[in-house]
Amino acid sequence: MLDITKMLHQIIDLELKIDEEKELTIGPATRKQTIFVDLDLALSEVAKSAGWYRVVAPKKLDEEKLLAAYVRSFALLLLFSAKMQWTHLVVIDDVSWQRITSAKKSTKLADLNKSYLALKHFLSDAYFNHQQESYRHAWHLFLKMGMVDWQLQPAQIAAAYQQMIKSYDK
């Protein structure tokens, strides 16, 4: 299981450090907006790396790029939860973790498309309508896609996350 609380604190601390170093003062609304745009782009990179949606010129899954994009999206989802004051939604209990990780793997194009589009829909609803429940659904779906559909291991995600944090924290 991932230590999501630790990961959440790390990304919040990193953002504060970067803001301080760069003397950024963009305000809370613009900050949420910027994180949401960055998250949207990061999720697109996840899809691009996974490559399932390519009808013309199909592409094999690029595991290295997928992991990097997934971890970046993971961090931005955590940071978004902090900015929305929804950090209580990212903590996963054992029962929820088991439900997420034992879900059926999506292998059909239609199911993978639906999952990705549902994730984007839930996040848009969370952002534009301030719907906590939509964020929670997006978070759980994101975790399921990573660990079940793409079979990323928690230890692998945690190690890549720590590497990402260290690379920005120089």
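The values are calculated or read from the model by the stated rules, or taken from the named source; none is laboratory data. Since we're looking at a predicted model, the values are computed, not measured. Every residue, glycine among them, receives a Cβ derived from its backbone with ideal geometry; neighbour counts consider all protein chains shown. For accessibility, only protein heavy atoms count, side chains too; no ligands or nucleic acids. Shrake-Rupley method; radii C 1.70, N 1.55, O 1.52, S 1.80 Å.
The table for this structure:
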{"item": "Tyr161 being open to solvent by less than 20 Å² (accessible area, probe 1.4 Å), farther than 25 Å from Thr107 by Cα and either in contact with a helix residue (DSSP H, G or I) (Cβ under 6 Å, 6 or more places away or on another chain) or at pLDDT 95 or above (or both)", "result": "yes"}
{"item": "Hits in the stretch 10-32 (condition: modelled with pLDDT under 85, within 14 Å of Lys83 (Cα to Cα), in a helix (DSSP H, G or I) and of a type in the set (A, V, I, L, M))", "result": "Leu16"}
{"item": "Set Leu119, Leu89: member being in contact with a Phe, Trp or Tyr (Cβ under 7 Å, 6 or more places away or on another chain) and within 16 Å of Trp150 (Cβ to Cβ)", "result": "Leu119"}
{"item": "Extreme residue, modelled with the highest pLDDT, among residues of the stretch 33-51 that are β-branched (Val, Ile, Thr) and out of contact with any helix residue (DSSP H, G or I) (no Cβ under 6 Å at 6 or more places or on another chain)", "result": "Val37"}
{"item": "Residues located in the stretch 52-80, provided they are part of a loop (DSSP other than H, G, I, E, B) and either over 22 Å from Thr107 (Cβ atoms) or modelled with pLDDT of 80 or more (or both)", "result": "Asp62"}
{"item": "Test: residue in the stretch 18-34 that is crowded, with 19+ Cβ neighbours inside 10 Å and touching a residue at least 40 places away in the same chain (Cβ under 8 Å)", "result": "no"}
{"item": "Qualifying positions in the stretch 74-105 - open to solvent by 10 Å² or more (accessible area, probe 1.4 Å), under 14 Å from Leu143 (Cβ atoms) and of a type in the set (Ser, Thr, Tyr)", "result": "Ser96, Thr101, Ser102"}
{"item": "Residue within the stretch 118-138 that is open to solvent by 70 Å² or more (accessible area, probe 1.4 Å), at pLDDT below 95 and more than 17 Å from the chain's Cα centre (by Cα) present", "result": "no"}
{"item": "Residue within the stretch 141-148 that is at pLDDT below 95 and basic (Lys, Arg) present", "result": "no"}
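Residue by residue, here is whether (1) touching a Cys at 6+ places or on another chain (Cβ under 6 Å); (2) over 20 Å from Ser44 (Cβ atoms); (3) not hydroxyl-bearing (Ser, Thr, Tyr) holds:
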| site | (1), (2), (3) |
| --- | --- |
| Ser102 | no, yes, no |
| Lys105 | no, yes, yes |
| His121 | no, no, yes |
| Ala138 | no, no, yes |
| Leu152 | no, no, yes |
